[in-house]
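S.K.: Below is the structure I would like to discuss, written out as structure tokens.
The values are calculated or read from the model by the stated rules, or taken from the named source; none is laboratory data. What you see is a predicted model; the values in this text were computed from it and never measured. Virtual Cβ from ideal backbone geometry, glycine too; neighbours counted across all protein chains shown. Surface areas here come from the heavy atoms of the whole protein model, side chains and all, with no ligands, DNA or RNA. Shrake-Rupley method; radii C 1.70, N 1.55, O 1.52, S 1.80 Å.
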Amino acid sequence: MRILVPVKRVVDYNVKIRVKADGSGVDTANVKMSMNPFDEIACEQAIRLKEAGHAEEIVAVSIGEAKCQETLRTALAMGADRGIHVEAPADVQPLAVAKMLRAIVGREQPGLVVMGKQAIDDDSNQTGQMLAALLGWAQATFISKLELADGRAVVAREVDEGLERIEVTLPAVLTVDLRLNEPRYASLPNIMKAKKKPIDVLTPGDLGVDPAPRLLYLKVEEPPRRQAGVKLGSVDELVTKLKQDAGVI
């Protein structure tokens, strides 16, 4: 079986986000970028499935500007076998990404797509579900445990009431949550080997997809700063504040 793992290049999760002065978006100039943390978990899970004998090949896919190849090299250093880079504008939206991935699935014929449940830059949480719908495949989202057996995937996913256990028939699209595993660090020898692993470069036109955005962002702004608290001397003062200032009672 072949496993397809989409990976996205995002602002590193340790970096404090800065909004552009004109409010048009997030400032990424001279900012450290890295693989989306949920995608790291997906890549790690694919590698573990291969090590367990469930897969013969792992293909990492990244969609975006030329620097996305750095993210692909990270996936290759972790253990992916080869990469596919779709060179596209940096702001490709979820529906266009899902359509490109559908075209790549048609080319590669994987038995499983494992991907992060969302990217930490836009938090859309849409691509996996859209891809499953476009393919007509089964899907399991937010998974925190995975077992493969007899052409089926048995997963556990967190819901409000606790853990939900479901089974889906392969091929399927799985989106992973943080508790599924702990991603490995790429060793120096593997980083050197990753430089020789192949990366195919495609364009949206090669896949028959128009990457033009269909949603328009009107404004991006930082959340309001939290105001300092106030010490009150009595319950009566608290009630007065809640009535007059907060207007909640």
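S.K.: Could you please give the count of residues in segment 206-230 that are touching a residue at least 24 places away in the same chain (Cβ under 8 Å) and small (Gly, Ala, Ser)?
M.R.: Summing the residues that are touching a residue at least 24 places away in the same chain (Cβ under 8 Å) and small (Gly, Ala, Ser) in segment 206-230 gives 2.
S.K.: Then there's this: Step by step: first the residues of segment 50-60, then only those that are at pLDDT 95 or above and not acidic (Asp, Glu), then the one that is farthest from Arg73 (Cα to Cα). Which residue is that?
M.R.: That would be Lys50.
S.K.: Can you confirm whether Ala156 is farther than 17 Å from Ile41 by Cα, crowded, with 17+ Cβ neighbours inside 10 Å and modelled with pLDDT of 90 or more? Give the derivation first.
M.R.: Values: farther than 17 Å from Ile41 by Cα: no; crowded, with 17+ Cβ neighbours inside 10 Å: yes; modelled with pLDDT of 90 or more: yes.
For Ala156, the condition - farther than 17 Å from Ile41 by Cα, crowded, with 17+ Cβ neighbours inside 10 Å and modelled with pLDDT of 90 or more - is not met.
S.K.: Tell me which residues, restricted to segment 171-192, are surrounded by 13 or more Cβ atoms within 10 Å (Cβ to Cβ) and more than 21 Å from the chain's Cα centre (by Cα). Break it down stepwise before answering.
M.R.: Here is the first cut: in segment 171-192, the residues surrounded by 13 or more Cβ atoms within 10 Å (Cβ to Cβ) are 171-181, 183-184, 186, 190-191.
Asn190, Ile191 - these are the residues of segment 171-192 that are surrounded by 13 or more Cβ atoms within 10 Å (Cβ to Cβ) and more than 21 Å from the chain's Cα centre (by Cα).
S.K.: Same structure again: Is it the case that segment 46-58 has a residue that's crowded, with 20+ Cβ neighbours inside 10 Å, part of a loop (DSSP other than H, G, I, E, B) and not β-branched (Val, Ile, Thr)?
M.R.: Yes, segment 46-58 has at least one match.
S.K.: What do you reckon, is Ala66 within 25 Å of Ala96 (Cβ to Cβ), assigned to a loop (DSSP other than H, G, I, E, B), over 18 Å from the mean Cα position of the chain (by Cα) and modelled with pLDDT under 95? Walk me through how you get there before you give the answer.
M.R.: Details: within 25 Å of Ala96 (Cβ to Cβ): yes; assigned to a loop (DSSP other than H, G, I, E, B): yes; over 18 Å from the mean Cα position of the chain (by Cα): yes; modelled with pLDDT under 95: yes.
Answer is yes for this residue.
S.K.: Among the residues of segment 59-87, which ones are among the polar types (S, T, N, Q) and surrounded by fewer than 21 Cβ atoms within 10 Å (Cβ to Cβ)?
M.R.: At the first step, the residues of segment 59-87 found to be among the polar types (S, T, N, Q) are 62, 69, 71, 74.
Gln69 - this is the single residue of segment 59-87 that is among the polar types (S, T, N, Q) and surrounded by fewer than 21 Cβ atoms within 10 Å (Cβ to Cβ).
S.K.: I've got another one for you. Which of the residues spanning segment 14-45 are within 16 Å of Val220 (Cα to Cα) and open to solvent by 30 Å² or more (accessible area, probe 1.4 Å)?
M.R.: From segment 14-45, those within 16 Å of Val220 (Cα to Cα) are 16-28; that's our starting set.
The answer is Lys16, Ile17, Arg18, Val19, Lys20, Ala21, Asp22, Ser24, Val26, Asp27, Thr28.
S.K.: Consider Gly106 carefully, then state whether it is more than 29 Å from Val19 (Cα to Cα) and without any contact (Cβ under 8 Å) to a residue 12 or more places away in the chain.
M.R.: Values: more than 29 Å from Val19 (Cα to Cα): yes; without any contact (Cβ under 8 Å) to a residue 12 or more places away in the chain: yes.
Judged against the criteria, Gly106 is a match.
S.K.: Now for a different question. Of all residues in segment 221-249 being open to solvent by less than 60 Å² (accessible area, probe 1.4 Å) and in a loop (DSSP other than H, G, I, E, B), which is farthest from Pro94 (Cα to Cα)?
M.R.: Selected residue: Ser234.
S.K.: If you check Ala98 against the conditions, is it buried (at least 21 other Cβ atoms within 10 Å of the Cβ), at negative phi and free of Cβ contacts under 8 Å to residues at least 40 places away in the same chain?
M.R.: yes
S.K.: Scan segment 104-111 and tell me whether some residue there is assigned to a helix (DSSP H, G or I) and among the aliphatic types (A, V, I, L, M). Explain how you work it out, then say what you get.
M.R.: At the first step, the residues of segment 104-111 found to be assigned to a helix (DSSP H, G or I) are 104-108.
Adding the requirement that they be among the aliphatic types (A, V, I, L, M) leaves 104-105.
The answer is yes; a qualifying residue exists.
S.K.: In this structure, is Gly162 open to solvent by less than 40 Å² (accessible area, probe 1.4 Å) and not aliphatic (A, V, I, L, M)? Let's see the steps before the verdict.
M.R.: Values: open to solvent by less than 40 Å² (accessible area, probe 1.4 Å): yes; not aliphatic (A, V, I, L, M): yes.
Answer is yes for this residue.
S.K.: Given (1) open to solvent by less than 10 Å² (accessible area, probe 1.4 Å); (2) touching a Gly at 6+ places or on another chain (Cβ under 8 Å); (3) in a loop (DSSP other than H, G, I, E, B), where does Ala90 come up short, assuming only one miss?
M.R.: (1)
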